[in-house]
Amino acid sequence: MNAPLVQPLYDEVQHGTWSTLYCRQRENLEDKGARLYLDALDRMDSLTEATIPRVDAMSAELGRTTGWGLVIVPGLIPVDDFFSLLADRTFCTSTWVRRPDQLDYLEEPDMFHDTFGHVPPLLDPEFAQFMQRFGEIGVALKGNDEAVLALQRLYWFFVEFGFVQENGTPKAFGAGVMSSFGETNHAWDLRQDLVRFTLEGIMSTPFTTTEIQTTYFLIEDIPGVIREMNDWFAAL
Ligand SMILES: [Fe+2]
């Protein structure tokens, strides 16, 4: 069995890059981001603009609220392993932080994406429940490539790039949007063109990881997504 990965210490330049990313994006999100996300981010003691956060401290804070935890991974992991972790209320994060000249572009997610983007929503009980159930269904569908692809599309268009409806107004929510200054502004400019969520619609829409998004879905009701996902799974 492999030893658990240990988070490194960081130098001043890396902490400075983190602070720059955090402050710029928190300000950018004030009128565009979902309160569901922003309120969670603002109440976290372990995820702030001051320094690169410690994974164990964020994990403990999640554990005290929704019972989630974090593990360190070296990068992208096999989808079956990812589903298993989610089913166990565990999210994974890398620990590398982009260079100062990479503020706006990355080929693969760094710790800012994995934590600033993904951790705050896990403090919300309904979203936390969605993520666990999503993982359980993924585990149960291991080997069913078509169904797994449908789940990956749901993850992409909701967890990474979804908007949510708050008081009748669409607000940015997905981690891929929340962790990227450019993606936030691009998505916000397209908010009149959001596609209303249906499970069938999301699961039949292909995505690309290499180009800027052109389709964003609007989710009105997270418990409703869980119900529809359960119904879909039961009917397979
Ligand atoms: Fe992500």
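The values are calculated or read from the model by the stated rules, or taken from the named source; none is laboratory data. From a predicted model like this one, the values you see are computed outputs, not experimental measurements. Here Cβ is always computed from backbone atoms with ideal geometry, including for glycine, and neighbour counts include all displayed protein chains.
Within region 145-171, the set of residues being more than 14 Å from the ligand (Cβ to nearest atom) and under 18 Å from residue 37 (Cβ atoms) comprises 163, 164, 165, 166, 167, 168, 169, 170, 171.
Can you spot a residue in region 100-119 that is more than 14 Å from the ligand (Cβ to nearest atom), at pLDDT 95 or above and not hydrophobic (A, V, I, L, M, F, W, C)? No, region 100-119 contains no residue that is more than 14 Å from the ligand (Cβ to nearest atom), at pLDDT 95 or above and not hydrophobic (A, V, I, L, M, F, W, C).
Going through 127, 112 one at a time, which residue ends up being more than 29 Å from residue 196 (Cβ to Cβ), not in a loop (DSSP other than H, G, I, E, B) and not acidic (Asp, Glu)?
Working: 127 fails: more than 29 Å from residue 196 (Cβ to Cβ).
None of the other options fit; the residue is 112.
For region 85-127, a residue qualifies if it is surrounded by fewer than 19 Cβ atoms within 10 Å (Cβ to Cβ) and more than 20 Å from residue 56 (Cα to Cα), and the qualifying residues are 99, 100, 101, 102, 103, 104, 105, 106, 107, 108, 125, 126. Restricting attention to region 66-86, report how many residues are free of Cβ contacts under 8 Å to residues at least 40 places away in the same chain, within 20 Å of residue 123 (Cα to Cα) and in a loop (DSSP other than H, G, I, E, B). Residues that pass the stated criteria total 0.
Can you find even one residue in region 181-192 that is without any contact (Cβ under 8 Å) to a residue 12 or more places away in the chain and farther than 20 Å from residue 119 by Cβ? Yes: one or more hits.
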